[in-house]
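Here's the structure we're looking at; comments come further down.
The values are calculated or read from the model by the stated rules, or taken from the named source; none is laboratory data. Keep in mind that this is a model prediction, so the values were computed, not measured. FYI the Cβ positions are ideal-geometry reconstructions off the backbone, even for glycines, and counts take in every protein chain you see. The area values use the complete protein model at the heavy-atom level, side chains included, leaving out ligands, DNA and RNA. Shrake-Rupley method; radii C 1.70, N 1.55, O 1.52, S 1.80 Å.
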Amino acid sequence: MSSTRPFSPGDRGPAADGASGVSEGGAAVPPESPAGRQVRSLSFDGASGVVPLARDFARQALYAWGWLPAATADQRAAAEDVLLVVSELVTNACLHAEGPDELWIALDNKVIRIEVSDKGTGQPAPRTPHRAGRPGGHGMFIVQRLCLDWGVVRSPGLAGKKVWAELGAPA
């Protein structure tokens, strides 16, 4: 489902105080996050090769959170879906929005939320009609198919946007 809601249904968004901290390895962790919530962030400032960098960063988070190494085929598929969505969102920022600024990945109650910020003005959307046999143009279609929900957040008065997507953990 495509939406422009800043947060998925049932999510109240960031803490009212906006507090956040940084742990070892550059992982952003809110100091008073709800029990079980873990957040990491990666800045792309001056980085090259951002898509593989983003995938490696996400893979490290999945290892830290116990999603990898996967014990079952379902767990392996769920982890691969997360890595694919990270790749698609970062690639779209590269192709359509002057490149990504930052990647956030958060785990909360068996849901992983991925956010990619950029300075672009465009509105991501799956191409309609989707043409499976043609090269290119599949990124947001893939995100839409794999995710529980996704959307775009824009801050009034600021350039750019944040594209977010949420995936569920395997049962």
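The table that follows gives values for the structure above.
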quantity: Tally of residues being touching a helix residue (DSSP H, G or I) at 6+ places or on another chain (Cβ under 7 Å), within 16 Å of I142 (Cβ to Cβ) and either surrounded by 23 or more Cβ atoms within 10 Å (Cβ to Cβ) or polar (S, T, N, Q) (or both) across segment 90-111; calculated: 3
quantity: Residue among G136, G36, G122, G46 that is within 17 Å of V152 (Cα to Cα) and either of a type in the set (G, A, S) or over 13 Å from the mean Cα position of the chain (by Cα) (or both); calculated: G122
quantity: Subset tally (residues that are surrounded by fewer than 17 Cβ atoms within 10 Å (Cβ to Cβ) and either in contact with a Gly (Cβ under 7 Å, 6 or more places away or on another chain) or at pLDDT 95 or above (or both)) for segment 32-44; calculated: 1
quantity: Cβ pairs under 9 Å, 6+ apart, first in segment 58-73 and over 9 Å from L107 (Cβ atoms), second among the hydroxyl-bearing types (S, T, Y); calculated: A58/S87; P69/Y63
quantity: Whichever residue in segment 112-122 is out of contact with any helix residue (DSSP H, G or I) (no Cβ under 8 Å at 6 or more places or on another chain) and over 19 Å from E166 (Cβ atoms) and, among such residues, is surrounded by the most Cβ atoms within 10 Å (Cβ to Cβ); calculated: K119
quantity: Condition met for L103 (outside any helix (DSSP H, G or I), of a type in the set (A, V, I, L, M, F, W, C) and closer than 19 Å to G160 by Cβ); calculated: yes
quantity: Extreme residue, farthest from T91 (Cα to Cα), among residues of segment 134-170 that are assigned to a loop (DSSP other than H, G, I, E, B) and open to solvent by less than 80 Å² (accessible area, probe 1.4 Å); calculated: P170
quantity: Residues (free of Cβ contacts under 8 Å to residues at least 60 places away in the same chain, farther than 13 Å from V51 by Cα and not hydrophobic (A, V, I, L, M, F, W, C)) located in segment 74-96; calculated: R76, E80, H96
quantity: Residues located in segment 106-133, provided they are assigned to a loop (DSSP other than H, G, I, E, B), modelled with pLDDT of 85 or more and not hydroxyl-bearing (S, T, Y); calculated: K110, K119, G120
